[in-house]
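The values are calculated or read from the model by the stated rules, or taken from the named source; none is laboratory data. Nothing here was measured: the structure is a model prediction, and the numbers come from that model. For neighbour counting, all protein chains shown are included, and Cβ atoms are generated from backbone atoms with ideal geometry for every residue, glycine included.
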Amino acid sequence: MGKKGVLSVFDICLIIGIGVTNILYSVFSGSVDWLGSVTGIAGVLCVVLVAKGSIWNYLFGLVNVSLYAFISFKTGLYGDAALNALYYVPMQFVGWWQWRKRGASAARGEDGEASLVHARRMTSGQLAVLAAVCAAGIVLGALLLEHLGDPQPWKDSVTTVLSIIAQFLMALAFMEQWALWIITNVVSVAMWAICAVNGDPHSELMVIMWTFYLANSINGLRVWLRLSRQ
C-alpha cells in the first residue's frame, strides 16, 4: 500500500476525475450546480480516505451526507433522505470516536506517517447473521417505502438498508462493509440514472458521484483485505 497516509495514483485519479467531470458537466449543461458539485466532491474525498483507513474521512463525510440528505428529499427519495439526515450525520461522530479507539489518529506520528485504523474480519457465524438481517431489512423497508409512495421503493430500500448496515460495520472497522458498499453503489447508480431520465434536479451529478463511489468501493475492498490481515 506504500507509505501510510499517502494517496495512491488511483486515489489521486478519483479525486481529479470527480473535479474534472463536474467541470465538464457544467460546461455542457450551460449551468453550474454548486450544491451537486460540492456534494459529489466531498463524498469522493470521504470514500477515498475511508479506503485508506484514514480518520479524516469523517470530516468530508459530514459535509457530504448533510447535503445529500437535502438533495434526496427534494427528489422524493425519502428513504435516502432519512438515512442521511437521521443516521449518517450522527454516525460521522460515532465513527470518529470508534476509529480513535481502534488506532486511527488525526495527527501524524514522529515518523511523519498517519495512524490508520486497525481493520478486522467477521466470523462465519457473524456473516450468516449479517445476510439474514440484510434480506429481512430490504423486504420490510421496500414494503414501508411503497406504502409511503416512494417512486423506487425496492431500489431505495436496498440502498437505505445496506447503507445503514455498512456504515455500522465501517464504524467498527469490519472489512465486510465493502461488499455492502459495492452493492449499494451499483443500485444507487441505477436509481439516480432513472431520476436523471425523469429530469430530476442534481440527478446527473449524483450518477457521477455514485459511479466514482463504486470504483472506490472496489479498490477499498482490495485495500481492506490487506489491512485486515495485518
**Message:** Considering only segment 104-118, I want to know if a residue exists there that is over 20 Å from VAL223 (Cβ atoms) and at pLDDT 90 or above.
**Reply:** no
**Message:** Within segment 17-31, does at least one residue satisfy the condition of being closer than 16 Å to GLY220 by Cα, at pLDDT 85 or above and assigned to a helix (DSSP H, G or I)?
**Reply:** no
**Fill in**
Per the filter on segment 181-215, residues of a type in the set (A, V, I, L, M, F, W, C) and closer than 16 Å to GLY79 by Cβ are ILE183, VAL187, ALA190, MET191, TRP192, ILE194, CYS195, MET206, TRP210
**Message:** Please go through segment 149-172 and give me each residue that is out of contact with any helix residue (DSSP H, G or I) (no Cβ under 7 Å at 6 or more places or on another chain) and under 30 Å from LYS101 (Cβ atoms), ordered by number.
**Reply:** PHE168
**Request:** Run down ALA81, ALA85 and say which single residue is among the aliphatic types (A, V, I, L, M) and closer than 18 Å to LYS155 by Cβ.
**Result:** ALA81
